[in-house]
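The values are calculated or read from the model by the stated rules, or taken from the named source; none is laboratory data. Values in this document were obtained by computation on a predicted structure and should not be read as measured data. Because the Cβ atoms are built from the backbone with ideal geometry, glycine has one as well, and the counts that use them run over all protein chains shown. These area figures cover heavy atoms from the full protein model, side chains too; ligands, DNA and RNA do not enter into them. Shrake-Rupley method; radii C 1.70, N 1.55, O 1.52, S 1.80 Å.
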Amino acid sequence: MIVLSITAFQRWSSPLALSFAVIALCAGIWDFGFAGEIISPTLEGKIFLANLQFLGIVFLAVAWLAMTMYSTAQPSQNQRVIPALSVIGIITNIVIWTDPYHRLFRQNPTLDTVGVPFPVLASHYGPYFYAVHVPFGYFLFAAALFLLVRSWKQAPAIYRRQRIILTLSLMLPLLTDLLYILGITPITAFNFTPVVFSLSGLLLSGSVLYLRFLDVLPLAYETAINKMNVGDTVAVTATQVL
């Protein structure tokens, strides 16, 4: 994920590449904290590394929606909502890191050592997690999924394959996280979503390397075609030939 982020940041002038870079960076932070949480033997260490993961988690959904908006050529007025949505992520992180003073995020975190292969952090999430963090994150991912699916029929064949890969990359970790929220997981209280997100990273890397996902041409092509009138058949034909 870090390699993908560095690759995308090299094209920082493109909003699409920049949002993709943020996604890869957030996923990398999540994976790093996830690995550290597994290794850490103490409750305090696991809580700290779990909090570190949320630095990536809370902004991942916002960046994914931004990437989807740019890749599906959404109007600029729709894209302006992204900075406002990021404010919720900042508030969530403040709540997480000040949690010992109010217990809105985790009510009574404990270390579970019974019937598990390694000590697992049982977070016992509080009202903020279920009332704000989860609904907000799933709303953003649902909006991104809606935009992706809606754009399938409008996009040329090669860009349609990109949209399908993006959709699969989103659905795999989203379903895994939903099962975790519902308490359906092979190891009690353990979230496998970061592992699945790494698999999504492999799908995304294939899209970047082989389907030229970060090129600005898909966005420019689609925008130009959408703005053409019916009488511009000759121009469309010439574009296809080129």
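Selection within the stretch 1-29: residues that are of a type in the set (Phe, Trp, Tyr) and open to solvent by 20 Å² or more (accessible area, probe 1.4 Å). The member of this set that is modelled with the highest pLDDT is 9.
When restricted to residues that are without any contact (Cβ under 8 Å) to a residue 40 or more places away in the chain and not hydroxyl-bearing (Ser, Thr, Tyr), the stretch 100-118 contains 8. A single entry from 204, 148 fulfils the requirement of being under 21 Å from residue 32 (Cα atoms), surrounded by 14 or more Cβ atoms within 10 Å (Cβ to Cβ) and touching a residue at least 60 places away in the same chain (Cβ under 8 Å): 204.
Against the conditions (1) under 13 Å from the mean Cα position of the chain (by Cα); (2) of a type outside the set (Val, Ile, Thr); (3) surrounded by 21 or more Cβ atoms within 10 Å (Cβ to Cβ), residue 34 satisfies every one except (1).
The residue of the stretch 119-137 that is most open to solvent (accessible area, probe 1.4 Å), among those that are among the hydroxyl-bearing types (Ser, Thr, Tyr) and touching a residue at least 24 places away in the same chain (Cβ under 8 Å), is 128. Do we have residue 103 as of a type in the set (Lys, Arg), over 27 Å from residue 90 (Cβ atoms) and open to solvent by 50 Å² or more (accessible area, probe 1.4 Å) here? No; evaluated as a whole, the condition is false for this residue. For the stretch 43-96, a residue qualifies if it is in contact with a strand residue (DSSP E or B) (Cβ under 9 Å, 6 or more places away or on another chain) and not β-branched (Val, Ile, Thr), and the qualifying residues are 43, 46, 49, 50.
Yes or no, residue by residue, for (1) at pLDDT below 75; (2) within 23 Å of residue 16 (Cβ to Cβ); (3) part of a helix (DSSP H, G or I); (4) more than 19 Å from the chain's Cα centre (by Cα):
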| site | (1), (2), (3), (4) |
| --- | --- |
| 162 | yes, yes, yes, no |
| 190 | no, no, no, yes |
| 196 | no, no, yes, no |
| 236 | yes, no, yes, yes |
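Here residue 111 clears all of (1) out of contact with any Leu (no Cβ under 6 Å at 6 or more places or on another chain); (2) open to solvent by 40 Å² or more (accessible area, probe 1.4 Å); (3) among the aliphatic types (A, V, I, L, M) except the condition numbered (1).
Could you say whether any residue in the stretch 43-56 is open to solvent by 70 Å² or more (accessible area, probe 1.4 Å) and at positive phi? Among the residues of the stretch 43-56, not one is open to solvent by 70 Å² or more (accessible area, probe 1.4 Å) and at positive phi, which makes the answer no. Within the stretch 58-72, being touching a residue at least 40 places away in the same chain (Cβ under 8 Å) and open to solvent by 30 Å² or more (accessible area, probe 1.4 Å) holds for one residue alone: 70.
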